[in-house]
Every structure is written in C-alpha cells, then in structure tokens.
Amino acid sequence: MPVVGLLGWPALLLAAALAIFGNLKGRSSALAYGALLTLPAAWYLGNTPGFRTIGFFLPAFHLASAFALSKGHRSLAWAIITPFVGFLFWVGAVVVSQ
C-alpha cells in the first residue's frame, strides 16, 4: 500500500482514536499527534472549494483541545474536539453513501 493510502482515512480514524484516548486519559500529547495526522487531510480539504474554511481548522481543533486539557479543563477539551469527530462521521457517511 502506498504511503498516500496511509494519510487518508486510516490517518483520520487514528486521529479520532487519539483524540478520544487523549481526552479519556488526560494526555495532551495524544491530541498533538492527532493534529499531525490530520494535516494531510486538512491540506486536501482546504484546497477543495466546498470545504475551504473547515479544512484548515481540523488540526486546530486538536491543538485547542490539547491546550484546554493541559490547563485542566476536561469538559472544554471534549467540547472543542466534538466538531472534528462530528465532521469526520459526516464525511464518512457521505463517502459510504456514494
């Protein structure tokens, strides 16, 4: 499997798993790694006309959630990462329904 195949859906699913794991265990480093994994997809979506604004914010959700978690605000960290997970499920549903 080429490297490009690892940067699409597998990376986004791993980033979502890292976000959930990081918030559950209180590890902001897991959220930072998740932000790195979302960079290729964010770059791709940022260059798509329909997702130009949301594409660049995908890694920001992870980083903001990691910052909130590092300051001890667990509920705020969950609230910040929720749009990323919701967007991921929505795009997944659109892809599967085609």
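The values are calculated or read from the model by the stated rules, or taken from the named source; none is laboratory data. This one's a predicted model, so the numbers in the text were calculated from it and none came from an experiment. Here Cβ is always computed from backbone atoms with ideal geometry, including for glycine, and neighbour counts include all displayed protein chains.
Being more than 21 Å from Leu7 (Cα to Cα) and surrounded by 14 or more Cβ atoms within 10 Å (Cβ to Cβ) is the requirement here; does Ala77 meet it? Reasoning before the result, please.
On the way: more than 21 Å from Leu7 (Cα to Cα): yes; surrounded by 14 or more Cβ atoms within 10 Å (Cβ to Cβ): yes.
Yes, satisfied.
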Long-range neighbours under 7 Å by Cβ, at least six apart or interchain, first residue over 21 Å from Phe67 (Cβ atoms) within the range 27-48, second β-branched (Val, Ile, Thr) and part of a helix (DSSP H, G or I) = Leu45/Ile54
Regarding Gly86, is this residue part of a loop (DSSP other than H, G, I, E, B) and at pLDDT 85 or above?
-> no
Hey, Leu39 part of a helix (DSSP H, G or I) and out of contact with any Phe, Trp or Tyr (no Cβ under 7 Å at 6 or more places or on another chain) or not | yes
How many of the residues making up the range 40-83 are modelled with pLDDT of 90 or more and hydrophobic (A, V, I, L, M, F, W, C)?
-> 14
Only one of Val91, Val85 that is closer than 12 Å to Leu12 by Cβ, more than 10 Å from the chain's Cα centre (by Cα) and surrounded by 13 or more Cβ atoms within 10 Å (Cβ to Cβ) = Val91
